[in-house]
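To keep things clear, I will list the structure first and then write my remarks on it.
The values are calculated or read from the model by the stated rules, or taken from the named source; none is laboratory data. Keep in mind that this is a model prediction, so the values were computed, not measured. Cβ placement follows ideal geometry from the backbone for every residue including glycine, while neighbour counts extend to all protein chains displayed. These area figures cover heavy atoms from the full protein model, side chains too; ligands, DNA and RNA do not enter into them. Shrake-Rupley method; radii C 1.70, N 1.55, O 1.52, S 1.80 Å.
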Amino acid sequence: MRSAFAGRVPTLWHGQGAAARLSTQFAEGRETLVIADSAVAIPDPPGRGVGTIELDARAVDVTTVVDLAAEIARRSPNLIVAIGGGSVLDASKIAALALAPGRLLDYAIERASTSALVFLPDAPPPVDVVAVPTTLGTSSETNSVGILKNDHGYRLICGRSLRPRHAVIDPRNLMTLSPAAVREGALEAFLRLAGAATSSRRSRRGDSDAVAIGRALLNTAARDTASAASRLRLARLSALTQRSAALRGEDPYSARHWYVANEVAFALGVRKMVATVAVIPPIWRRIRAGDARWGDRASLESFWRRVAGGLALPLDPSRGISALIDRWEISLPRRPTAHEFGAIAVATERSWGHRYPMLPGLVEEDIRGVLRDSRWSPLTAAAPTDFRRLARRR
């Protein structure tokens, strides 16, 4: 186990048994609250524990976050240990704003009810958060972003106050993941890099980092998804996407596919990556055809050629990513109904497109075209389960 990038926030730690050992170390003499996915094994609260709150990760939404924030304010910890996948870590980071001065949480919740993208006023985190991921690919443990689900969709909240103090990657927490979940997580991290690499406005260092990390992600996942060593390596590479220069280009919105996938995921009730693999091939086809609204052709082709050249994948980026999705057996979502096609296209333009910098110049009909050309499961899927919000506290 070792720490990386000492002195930066968050500090990244990793290794066998690191989660239990470091959580105890960080919590020594401190009022500590554990927030964890109810589906994972939860340790006894370290330090002077003020309790544990369990969340059903499948049901996390704005109501969950508001309730969680009230508990955080009531218990007033000076350390939060968040254990779970991206939805639990995001909920913990956003709810922790309850301890910030100036009604920062209320500001975030209110703004997210009218805007798909919320920037928080610049401020340090109100409480130290130790983020312990139990899934791969989201990088929530190392970024300053939180996804909030409300009645309007998945809203993107950004700000320094959301960044954890420590990120602890322990392969013991990753061993219950299926090989399919590991590949899906690796692909999520890879496409985060690929999105940045579709922009011509990136530095030489950023381009070099994106290629090196992207190649390592693909090669590691292609070679082995079962061992603790490979899962730890993939988790570290996912975290590295946020800690390198790979995502620090001049266009922070270059991952155009993310915004379309975001609306598909909300409309169909599927995971973000399931939605992403549906829309990424037609978006890359449009980039390669020269539609610069979606990205830069030369940049995408150069990135794909350098990262995928050794994996016997087609060198055409759209055909290549489709082949990788098939090879890794990533699930496809059901085909939307005609009404859902229209609703997704309208919601995407309204939230992200047209005059917004995320999908500049792209309107409803452009989104419909992508959706018509997207990859959908040939099977008829059942309607998504309407999970009730569950939060068990002790």
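Values as computed for the structure displayed
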item	result
Any hit, segment 281-290, residues being among the hydrophobic types (A, V, I, L, M, F, W, C) and open to solvent by 10 Å² or more (accessible area, probe 1.4 Å)	yes
Any hit, segment 163-172, residues being open to solvent by less than 10 Å² (accessible area, probe 1.4 Å), in contact (Cβ under 8 Å) with a residue 60 or more places away in the chain, β-branched (V, I, T) and more than 20 Å from A19 (Cβ to Cβ)	no
Residues being farther than 30 Å from G15 by Cβ and either assigned to a loop (DSSP other than H, G, I, E, B) or open to solvent by 30 Å² or more (accessible area, probe 1.4 Å) (or both) - total across segment 100-145	18
Residue list for segment 146-158, restricted to those being in contact with a strand residue (DSSP E or B) (Cβ under 9 Å, 6 or more places away or on another chain) and open to solvent by 10 Å² or more (accessible area, probe 1.4 Å)	I147, K149, Y154, R155, L156, C158
In segment 225-272, residue farthest from P357 (Cα to Cα) [restricted to those that are open to solvent by 10 Å² or more (accessible area, probe 1.4 Å) and either among the β-branched types (V, I, T) or within 13 Å of the chain's Cα centre (by Cα) (or both)]	T225
Per-region count, segment 291-320, residues closer than 20 Å to L187 by Cα, buried (at least 17 other Cβ atoms within 10 Å of the Cβ) and free of Cβ contacts under 8 Å to residues at least 60 places away in the same chain	5
Breaking point among (1) of a type in the set (S, T, N, Q); (2) outside any helix (DSSP H, G or I); (3) open to solvent by less than 40 Å² (accessible area, probe 1.4 Å), for T348	(2)
